[in-house]
Amino acid sequence: MFIADVGAFAAGPGPDGQTLWSAQGPVVSALYPNPVEVNILLGERESVDEELIAEVIRDIDGYLLSGLRFLHAALMADATTFGLDAVASEQFREFDPSTFPVDLPQLNFYADGEWLLRFAEGALPICDPYGVGVTFEATEPVRLEDLRTYC
């Protein structure tokens, strides 16, 4: 698979007989020192919105910030979801993307138009052991994903 403005993707086996396509070139963010992993998970005869993927990657830092802001708002609204009490969450009251305690962002795109911004690591209890995610519908973050409930 090749997506304009993104590059080549290599195919590998995915869950439930699907194919996992992984970006071959690095996707670099100014917010994180390591490249951002980009994956597409497709079943047989499924397709993905290649224009959306290219748009997200062109503005990678904008989408990472959007996801971080979404996580921050969710944390401030209900700290217990993140495994914190109100006192412990106060240290995050002021939003600072450079110190917000999640790391190793990963983009996972699907045929249904939703995609997941997953932070594979983090210092919040919700991040142990699979990280935490924000689901986007096209360009808008719509829900928090507690990945502990999926595995």
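The values are calculated or read from the model by the stated rules, or taken from the named source; none is laboratory data. Computed from a prediction, not measured in an experiment: that's the story for all the values here. All Cβ positions, glycine included, derive from the backbone under ideal geometry; neighbour counts span all protein chains shown. Heads up: the accessible areas ignore ligands, DNA and RNA and are worked out on the full protein's heavy atoms, side chains in. Shrake-Rupley method; radii C 1.70, N 1.55, O 1.52, S 1.80 Å.
Angle, helix 60-77 long axis vs. longest principal axis of the chain, Cα atoms, 0 to 90°, nearest 10?
Around 40 degrees separate the two axes.
For region 1-88, calculate the relative contact order in percent as a whole number, restricting contacts to Cα pairs under 8 Å that are 6 or more residues apart.
Rounded, it is 20 percent for region 1-88.
Hey, what number do you get for the chain at 222 nm if only DSSP H runs of n ≥ 4 count, each worth -39500 (n - 2.57), divided across all residues, to the nearest 500?
After summing the helix terms and dividing by residue count, I get -6000 deg cm²/dmol.
Return the whole-Å distance between the Cα centroid of region 75-92 and the Cα centroid of region 22-73.
About 27 Å separates the Cα centre of region 75-92 from the one of region 22-73.
Tell me the volume per residue, in Å³, of the convex hull enclosing the alpha carbons of the chain.
Working: hull volume 15.9 nm³, N = 151.
Enclosed volume per residue, from the Cα hull, is 105 Å³.
What is the calculated FRET efficiency for L20 to A123, with r their C-beta to C-beta distance and R₀ = 25 Å, to the nearest 0.05?
E(calc), rounded to 0.05, equals 0.35.
Measure off 7 Å from each Cα along the Cα-to-Cβ vector at S98 and S47, then give the distance between these two points in nanometres to one decimal.
Placing both labels 7 Å beyond Cα along the Cβ direction yields 4.4 nm.
Hey, can you find the accessible area per residue of region 1-134 for me, probe 1.4 Å, expressed in square angstrom?
Using a 1.4 Å probe on heavy atoms only, each residue of region 1-134 averages 52 Å².
Take every DSSP beta bridge whose two residues both sit in region 4-151, then give the antiparallel share in percent to the nearest 5.
Of the beta bridges lying entirely in region 4-151, close to 85 percent run antiparallel.
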